[in-house]
Amino acid sequence: MLSTPEYIEKNGNVYLTLRNKISNHTKTIPDTILKTIQDNWSKYIDTQKKILQHLFYQNQATIGELVLITGINEKTLRLYLNQFIDDEKILERLSEKQRDKNAKYAFKK
C-alpha cells in the first residue's frame with residue numbers, strides 16, 4: 001500500500017520518502033465516523049457498544065453474527081443498525097438486495 005518511493009539528493013545525502021496510501025486501506029475508518037462514535041459513546045447502551053466493538057475488530061458483520069454476539073433478537077438488532085445507518089450515518093449496508101439475510105454491515109467509507 002505504499003506509493004512509488006521518492007529519492008532526493010541534497011547536500012551529499014540521499015533521502016528516501018515512502019508515503020503510505022492509508023486512504024486506500026479497506027479497514028480504515030474515517031475520522032468523522034470515529035468522532036461521531038466517540039461523542040456518542042456514553043449515550044449508547046451496552047448492546048449498541050457490542051455491535052460497534054465487533055465491527056471495530058471484524059470490520060464487517062452479518063445480522064446472524066451480530067445476533068450471536070449481542071444475544072438480542074433480530075428485530076431489535078435491525079432497529080439499532082438502522083439507527084446507526086439512518087440517524088447517525090456511521091454504518092452502511094453492503095448489499096443490493098432489500099431483504100438479504102447475508103448482507104454485511106460495515107463502517108461508512
- Task: Go through I33, I51 for me and flag whichever is among the β-branched types (V, I, T), in contact with a helix residue (DSSP H, G or I) (Cβ under 8 Å, 6 or more places away or on another chain) and in contact (Cβ under 8 Å) with a residue 12 or more places away in the chain.
- Result: I51
- Note on the structure: Subset of segment 36-48, residues free of Cβ contacts under 8 Å to residues at least 12 places away in the same chain and assigned to a helix (DSSP H, G or I), comes to Q38, D39, W41, S42, K43, D46
- Message: Considering only residues that are touching a Lys or Arg at 6+ places or on another chain (Cβ under 7 Å) and either assigned to a strand (DSSP E or B) or among the aromatic types (F, W, Y) (or both), which ones fall in segment 90-108?
- Response: L91, E92, L94, Y105
- Message: Against the condition over 18 Å from I37 (Cβ atoms) and in contact with a Leu (Cβ under 9 Å, 6 or more places away or on another chain), how does K104 come out, does it pass?
- Response: yes
- Note on the structure: If we keep only residues of segment 66-109 that are touching a residue at least 60 places away in the same chain (Cβ under 8 Å) and touching a helix residue (DSSP H, G or I) at 6+ places or on another chain (Cβ under 7 Å), then the residue surrounded by the most Cβ atoms within 10 Å (Cβ to Cβ) is F107
- Task: Determine if segment 18-26 includes at least one residue that is surrounded by 14 or more Cβ atoms within 10 Å (Cβ to Cβ) and out of contact with any strand residue (DSSP E or B) (no Cβ under 9 Å at 6 or more places or on another chain).
- Result: no
- Those residues of segment 27-65 which are touching a Lys or Arg at 6+ places or on another chain (Cβ under 8 Å) and either of a type outside the set (V, I, T) or surrounded by fewer than 11 Cβ atoms within 10 Å (Cβ to Cβ) (or both) amount to P30, W41, N59, Q60, A61, G64
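Only the coordinates and a few stated rules stand behind these numbers; no lab work does. Quick caveat, the model's predicted, so the values are computed rather than measured. Note that we place each Cβ from the backbone using ideal geometry, even for glycine, and neighbour counts take in every protein chain shown.
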